[in-house]
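**Student:** My structure is below; once you've seen it, I'll send some questions.
Nothing in this text is a laboratory measurement; each read-out follows from the coordinates by a stated rule. Note that the structure is a prediction, hence the values are computed from the model and not measured. Glycine also receives a Cβ, built like all others from the backbone with ideal geometry; neighbour counts cover every protein chain displayed.
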Amino acid sequence: MMKAILSNLQRFLPALAPVSTMERLRACFGALLGVFVTGVVSEQALGATTAVPLLIAPMGASAVLLFAVPSSPLAQPWSIMVGNTIAALIGVTCALWIPDLVIASAVGVSLAILAMIATRSLHPPSGAVALTAVLGGPVVHNLGYGFVLWPVGLNSLLLLIAALAYNNLTGRRYPHITPVPAANVHKTADPLPTRRIGFTPADLDTVLRQYDEVLNVSPDDLDAILHKTEMQAYRRRFGEVRCAQIMSTDLATVKADTPLHLAWALLVKHRIKALPVVNAHRNIIGIVTQTDFMENANWDRDGDLHIGLARRLRRVVKLDRLKHRTVADIMTSEVQFVRPQTLVTDLVPAMADRGLHHLPVADDDDRLVGMVTQSDLIAALYSGNLTAGRLDEPLTLAG
């Protein structure tokens, strides 16, 4: 009987996302520093003997949001500054014009919520700010609209500055600005390849409108969480195959001072589309691709860009005064590479969305050890027993 009662009571416990002990301590220490700094600076600014409260109780609730859940829409700079200011203005107005404290409290809190939702500045502690303006007693009432500036405005600003510094120093992005959507590298209106299957941001917006409740998570965060969940399920389904298992290791490479016509000859001989550029220690310093040759094949003595493709290629790789040109003249120096232990599923966004056709694989000393291409990735995802790491049993296609 008692076990059944306890089991039912556990259902009422909030289902919070799991966080590490270090993250809990980070939040606690941040609140300690934030409230302490806010109190000390307020005391220095207003004086220890002032009748104005140095700290108001709602700042404790604001500290919970700013330091424990800094990614929440309710904890953003706009929310705390605008929400607290609006609530203070409404609370003071209600205190001045409504004699009955109970009615003034109810009207003040409800109007504060309405105004915050209208200005997209919902901040739960602001409801307590409005209530403090009404029930704060003679000291607060004597301040009138000065209460909006001191202590509400000063406390809010100081706590916000502390949160900005502490969260970013401890590795938490704050403020939580909506990221700019990734552009299609092909400059078309098509969605990114990884966004063409599965749910889209428009689908998420539709569901949220149907859900019709205020959530303590931003839509872009929710979108990112759901897509990461999809990727985790994909990894669980297709196993833990890593780049070391599918990469090519017998590579054709060039150095920065390799003549262009020799580099082009390597591409043609091996029927490949990219050559890693390495130094004497085999560290990756660049990559040269067919595209690099094409883009630089418009060199013409008279500046004519309308010559034929074959003629342009001959000019870039071996003719006339272009013979002295080397790989360093056309290679891409900023090279994205992966490690041998990188999961092949992690390559999908880079190759599908960012248009990368080749990814060099480097060891911990940044020395080239292999190359993964889109063909390798397709073969790995198509193959059968990925969980066991075997790539020799192709899937049987229906139909």
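**Student:** Please give the Cα centre distance for segment 161-182 versus segment 255-294, rounded to the nearest Å.
**Tutor:** For segment 161-182 versus segment 255-294, the Cα centre distance is 40 Å.
**Student:** Sorted by average packing, counted as other Cβ atoms within 10 angstrom per residue and highest first, what order do 7-13, 115-121, 128-134 take? Mind dumping the intermediate values first?
**Tutor:** Values: 7-13: 7.9, 115-121: 16.1, 128-134: 26.9.
Top to bottom by mean Cβ count within 10 Å: 128-134, 115-121, 7-13.
**Student:** Between segment 112-150 and segment 324-356, what's the alpha-carbon centroid distance in Å?
**Tutor:** Segment 112-150 and segment 324-356 have Cα centres spaced 54 Å from each other.
**Student:** Which Rg and Dmax, in Å, describe the Cα atoms of segment 1-65?
**Tutor:** Cα only, segment 1-65: 19.1, 60 Å (Rg, Dmax).
**Student:** Label A118 and L208 with points 7 Å out from Cα along Cα→Cβ: what is the distance between them in nm?
**Tutor:** Result: 2.3 nm between the two label points.
**Student:** In which sequence would L55, L25 go, from the one with the fewest C-beta neighbours within 10 Å to the one with the most? Provide the component values of the computation, followed by the final result.
**Tutor:** Working: L55 17, L25 10.
Going from least to most buried by this count: L25, L55.
**Student:** In the calculated pair distance distribution of segment 21-169, what percentage of Cα-Cα distances lie above 27 Å?
**Tutor:** Result: 20 percent of Cα pairs exceed 27 Å.
**Student:** Also, I was wondering about something else. Given labels modelled 7 Å from the Cα in the Cβ direction, how far is it in nm from F29 to L164?
**Tutor:** Using points 7 Å along Cα→Cβ, the separation is 2.3 nm.
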